[in-house]
1. Restricting to the range 176-194, and then to whatever is touching a residue at least 40 places away in the same chain (Cβ under 8 Å), among the charged types (D, E, K, R) and touching a strand residue (DSSP E or B) at 6+ places or on another chain (Cβ under 6 Å), can you tell me which residue is farthest from Asp226 (Cα to Cα)?
2. Do you know which residues across the range 120-144 are over 14 Å from the mean Cα position of the chain (by Cα), at negative phi and either assigned to a loop (DSSP other than H, G, I, E, B) or in contact (Cβ under 8 Å) with a residue 40 or more places away in the chain (or both)?
3. What are the residue pairs meeting all of these: first residue in the range 195-207, first residue free of Cβ contacts under 8 Å to residues at least 40 places away in the same chain, second residue part of a helix (DSSP H, G or I), Cβ atoms under 7 Å, and 6 or more apart or on different chains?
4. If Gly180 satisfies all but one of (1) within 18 Å of Val249 (Cα to Cα); (2) small (Gly, Ala, Ser); (3) surrounded by 22 or more Cβ atoms within 10 Å (Cβ to Cβ), what's the number of the condition it fails?
5. What are the residues in the range 208-219 that are in a loop (DSSP other than H, G, I, E, B) and crowded, with 21+ Cβ neighbours inside 10 Å, if any?
6. For the range 1-57, give me each residue that is over 24 Å from Asp77 (Cα atoms) and either in the same structural domain as Thr213 (by TED's automatic domain parsing) or of a type in the set (Phe, Trp, Tyr) (or both).
7. Answer yes or no as to whether Gln173 is closer than 23 Å to Val247 by Cβ, in contact (Cβ under 8 Å) with a residue 60 or more places away in the chain and not basic (Lys, Arg).
8. Can you pull out every residue in the range 1-55 that is in a strand (DSSP E or B) and of a type in the set (D, E, K, R)?
Amino acid sequence: MSPAERRMKIYNILVEKKTVEVNELAKLFSVSGMTIRRDLALLEKQGILTTTYGGAYLNEGTAIEPSFSLKSGQMKDMKMKMGRAAAGLVQNGDSIFIDCGTTTMEVARHLSAINLTVVTNSLVVCNLLQGRPKIKLIVAPGVYDEKSAGFLGPMTSDFLQRYNVDRAFIGTQGFDIKKGATVPDEIDAEVKKAICQSSKQRILIAGHEKLGTSFFAKFADILDIDILITDSAADGGYVDLIKEKGVKVISAE
């Protein structure tokens with residue numbers, strides 16, 4: 001297990017139990033107490049938790065989000081499958097938007113060698129696609145956000161509203177039938193809202209752990225989403241409820 005995967009598992013334990021102890025985590029992951037303390041210190045710097053003498057407790061709230069580097073080590077195989085399924089929807093000559101995120105970057109990674117126009121605010125996606133001769137790459141401006149590894153802000157939203165793309169591949173932290181698609185940060189939400197308004201087809205990519213959850217800022221109602229791409233571990237009953245709302249659901253295998 002990589003350090004990033006371990007830290008993400010610690011984060012998930014915190015979300016469930018609200019508190020953790022260094023000694024228990026050290027036994028669980030078969031590492032030293034010093035290693036766990038370093039993990040907790042890193043998460044504390046991100047504002048996710050507060051350390052105590054023998055452990056840590058979760059900083060409660062729906063506006064807390066793990067960093068890009070922390071999320072990138074989580075469920076890599078699942079994200080790859082969802083990214084590949086999403087990329088399979090892209091047709092020759094399409095104009096598409098690819099959002100910031102560790103799953104949406106897999107869409108860029110799996111794009112076939114066809115003629116495309118790609119608009120993105122993700123620095124990672126930009127680096128993945130630069131030098132591809134058949135892709136016209138348009139990068140949105142804005143203020144660089146370390147958690148997203150991309151550009152956010154009013155400048156970004158205004159820029160994205162200039163375009164009318166065929167398909168938008170959008171990441172999210174939560175997707176709930178009643179509360180819609182949500183993220184912890186309101187600035188990120190405004191950018192996602194702008195691209196939803198500027199896209200003919202809106203494709204949301206969300207792993208099973210994000211379904212039925214909600215965060216601080218909403219950027220889309222469920223009726224604003226045309227296609228949901230999730231993974232095979234998604235709860236079948238909840239997926240059926242999403243389908244009943246008129247959303248096409250693709251389960252990446």
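The values are calculated or read from the model by the stated rules, or taken from the named source; none is laboratory data. Quick caveat: nothing in here was measured; it's all calculated off a predicted structure. Glycine gets a Cβ as well: all are built from the backbone with ideal geometry, and neighbour counts include every protein chain shown.
1. Ranking the candidates gives Asp188 first.
2. If the condition is that a residue be over 14 Å from the mean Cα position of the chain (by Cα), at negative phi and either assigned to a loop (DSSP other than H, G, I, E, B) or in contact (Cβ under 8 Å) with a residue 40 or more places away in the chain (or both), then Gln130, Arg132, Pro133, Lys134, Ala140, Pro141 are the ones that fit.
3. Here the result reads Cys196/Asp224; Arg202/Cys196; Arg202/Asp224, each pair linking the range 195-207 to a residue that is part of a helix (DSSP H, G or I).
4. (3)
5. Passing the criteria: only Phe215.
6. Within the range 1-57, Tyr53, Tyr57 meet the criteria.
7. Working: closer than 23 Å to Val247 by Cβ: yes; in contact (Cβ under 8 Å) with a residue 60 or more places away in the chain: yes; not basic (Lys, Arg): yes.
Spelling it out, Gln173 is indeed closer than 23 Å to Val247 by Cβ, in contact (Cβ under 8 Å) with a residue 60 or more places away in the chain and not basic (Lys, Arg).
8. Glu21
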